[in-house]
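Report on the following structure.
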Amino acid sequence: MSSKANIQEKEINQEHDKIFRTILDKKENAVLIINKAINAKIEIKDIEKYKNSFVNKVFQNREADIVYKMKDKNIFFLIEHQTKIDYSMPFRILEYEVAIMKSAIDMNKINTKDYKLPLVISIVLYTGNRKWNAEEYLQKSQETLRNIKEDVGKYNLIDVNNLTEKELLEDDTFITKMLLIEKSKNTEETVETLEKVIERTKEEDKDVLIRIIKIVFKEKLGDDEVERLVNKIEEGRGKEVLAVVDMIRRENQMYIDMGRKEGRKEGKIEGKIEGKIEGIKEKSIEIAKKLLSKNTSKKEIIEITGLNEKEIDKILKETKN
């Protein structure tokens, strides 16, 4: 492989890792990975983000992907994403764990009898094609004393190759959709998987999905296929927005009809209708803002939201300010 190709691959891998860090920044995704790795029932409310990275003196340019902390305990979860098998992983994990422990130790209490040292639970999230085979590397390569076994640098492994399409696709979090995409073995399977994932991706995760398609899979899929898939996501967004607008309009009509039937009893029904219409307009404005951020034309926004051009211009001016 040429040096240019190596640089290109390195850049793609770096962006790939950034995308995973973005996904794992959402607690619901991190909790799913933690629970799957250690067979626990930790809830989203139980954890908080600790720090973005731990860089030590030995590996100044290497960083741990994600670290979360239990809110009421000195317990930490380190999640390290890997696309390739790394036989130095137990040693790297050990270094990260020590760095995290050092950062969290209360030096004023460390010498007291009842003080509990921080616990770091390490998880390797592996999404490569080959089965991970480095579980015991450190133990096998270390010196031994009378066959005594020590679990130094132990980590909990989630290997994407051991997960089924059904469980990954049916789960509600985006991290499982990402893992399913990673599991694809060839271009045809990748496209087929992306088609399924697009249908099940929440609105809030669609920008990340577009980044994945445009950056990670651009070379593999080609420009035409990338454009088609991205357009499919954007079309889906339009349908969702139209569905919301339709719901709002039907709701509006229902209240108007109710007002006609009941009459204006001391202005109460009229007040309810006016309040409801005001709420509908607020929703329309929110939809317009989202559409403007996606560079949707004014004509389309007017058609979708029912707002007029003057109102759209006002929203555009406010968003720029």
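For this structure, a couple of remarks:
- Scoring 90-99, 151-160 by mean Cβ neighbours within 10 Å over their residues and listing the highest first yields 90-99, 151-160.
- Other residues lying with their Cβ under 15 Å from the Cβ of E167 contribute a combined charge of 0, Lys and Arg counting +1, Asp and Glu -1.
- Spin-label model, K113 to K218: label points 7 Å out along the Cα-to-beta-carbon direction sit 6.4 nm apart.
- S297/E199 FRET efficiency (R0 25 Å; Cβ-Cβ; nearest 0.05): 0.45
- Estimated from the Cβ-Cβ distance and a Förster radius of 35 angstrom, the FRET efficiency linking V98 and E167 is about 0.50.
- Across the cross-link table entries K177/K202; K183/K214; K26/K51; K214/K317; K26/K206; K49/K73, which are compared at the Cα atoms, the separations over 20 Å belong to K214/K317.
- Modelled this way, with points 7 Å down the Cα-to-C-beta line, the labels at T187 and N231 are 1.9 nm from one another.
- Ranked H81, H16, criterion: other C-beta atoms within 10 Å, fewest first: H16, H81
Read-outs: derived from the displayed coordinates by stated rules, not from any lab. As the structure is a computational prediction, the values presented were derived from the model and not from experiment. Every residue, glycine among them, receives a Cβ derived from its backbone with ideal geometry; neighbour counts consider all protein chains shown.
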